[in-house]
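Have a look at the structure that comes next, please.
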Amino acid sequence: MELQVLVRPIFFFFLLTSLQQSSSARILIISKPDRHDYAASARWLVSQNSWGVLSTLSVDHEGAPFGNVVSFSDGLPEKGSGIPYFYLTTLDPTARNALKDQRASLAISESPVGTCKRDPMNPTCSKLTLTGKLLILDEASEEAEVAKKALFTKHPEMIDWPEDHDFRFFKLDIIDIFLINWYGGAKPITVDEYLHAKL
């Protein structure tokens with residue numbers, strides 16, 4: 001009887017732990033490309049991630065870099081364009097900074113995807129920085145509708161975010177790509193190669 005009393009809490013603990021781990025597990029939509037295909041590797045990182053650190057130049061701190069964790073999407077599942085779209089409120093510094101100075105960068109890691117179990121700084125754990133201009137989209141444009149579908153599909157709770165917070169659709173117009181996916185420094189990728197990569 002005493003053994004049963006001890007075993008039940010232990011069993012319950014392991015059950016909760018396994019459920020928690022399974023609920024946070026990521027399901028890959030697209031398998032990881034060969035690491036030598038740099039453009040595809042960069043596109044894969046963008047397609048499989050749902051958040052990153054978006055950095056802008058601070059209006060409040062004399063142009064100092066300001067990094068903010070943001071959700072993003074580059075398109076519908078398996079139909080990503082490689083262009084990151086964002087749903088940002090102008091009450092937040094990131095959007096306000098971009099409206100003053102469009103220069104921005106988005107940094108993402110392979111670590112949240114779950115395919116790299118090493119330290120995120122290890123060169124074999126891919127990391128990507130996209131640098132460019134953070135542009136607000138015309139709400140009546142076709143691209144704003146594309147952004148809306150991409151974001152609301154990947155992040156359904158965005159649909160219910162408060163209307164009085166002035167959320168707007170933005171995109172990162174990419175100018176430069178910095179990818180580390182193995183030893184040997186940054187891998188050479190042009191924007192054209194990135195945008196036309198096949199996954």
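If you rank K32, K100 by how much accessible surface each has, with a 1.4 Å probe, what is the order from largest down?
These residues rank, largest area first, as K100, K32.
How large is the Rg to Rh ratio of the stretch 54-199 when both quantities use alpha carbon positions and Rh follows Kirkwood?
0.97
What ranking of K148, K117 comes out by heavy-atom accessible area, probe 1.4 Å, highest first?
Largest accessible area first, the residues go K117, K148.
Taking 0.36 nm per residue of separation and subtracting the Cα-Cα distance, what length does fully extending A186 through D138 add?
Gain in length upon complete extension: 13.8 nm.
Sticking with this one: So for the stretch 147-199, what are the equivalent ellipsoid semi-axes in whole Å, largest first, each being the square root of 5 times an eigenvalue of the Cα gyration tensor?
33, 12, 12
Under the Karplus relation 6.51 cos²θ - 1.76 cosθ + 1.60, θ = phi - 60°, what is the ordered set of whole-Hz ³J(HN,Hα) values for the stretch 145-150, x standing for Gly and Pro?
5, 4, 4, 4, 5, 4
Now for a different question. I'd like the FRET efficiency for R35 and E78, computed as 1/(1 + (r/R0)^6) with the beta carbon distance as r and R0 of 35 Å, rounded to 0.05. The partial results should precede the final answer.
Working: r = 21 Å, r/R0 = 0.60.
So, using R0 = 35 Å, E works out to roughly 0.95.
Quick one: net charge of N97's neighbours, Cβ under 13 Å, K/R +1, D/E -1?
0
Okay, next question. If I take the Cα coordinates of the stretch 49-131 and project them onto the principal axes, what are the three extents in Å, biggest first?
Per principal axis, max minus min of the Cα coordinates gives 38, 29, 18 Å.
In what order, largest first, do F178, F66, F72, F169 sit by accessible area if the probe radius is 1.4 Å?
F178, F66, F169, F72
For the stretch 45-199, with every protein chain kept in place, what is the accessible area per residue (1.4 Å probe, Å²)?
With all protein chains present, the stretch 45-199 gives 53 Å² per residue.
If I ignore ligands, DNA and RNA and count only protein heavy atoms, how much of I29 is accessible to a 1.4 Å probe, in Å² to the nearest 10?
Per-residue accessible area (I29): approximately 80 Å².
While we're here: A 18 angstrom limit on the alpha carbon distance is what I want to check against. Which of K127/K148; K32/K127; K133/K187 exceed it?
The answer is K127/K148; K133/K187.
Something else: Grab the other residues whose beta carbon is less than 13 angstrom from that of S58, score K and R as +1, D and E as -1, and report the net.
Values: positive: R96, K100, R103; negative: D60, E62, D92, D101.
Result for the neighbourhood of S58: -1.
So, one more: Roughly how many percent of the accessible protein surface of the chain is carbon and sulfur, given a 1.4 Å probe and a whole-percent answer?
58 percent
The values are calculated or read from the model by the stated rules, or taken from the named source; none is laboratory data. From a predicted model like this one, the values you see are computed outputs, not experimental measurements. Glycine gets a Cβ as well: all are built from the backbone with ideal geometry, and neighbour counts include every protein chain shown. Please note that ligands, DNA and RNA were not included when accessible areas were found on the heavy atoms of the full protein model with its side chains. Shrake-Rupley method; radii C 1.70, N 1.55, O 1.52, S 1.80 Å.
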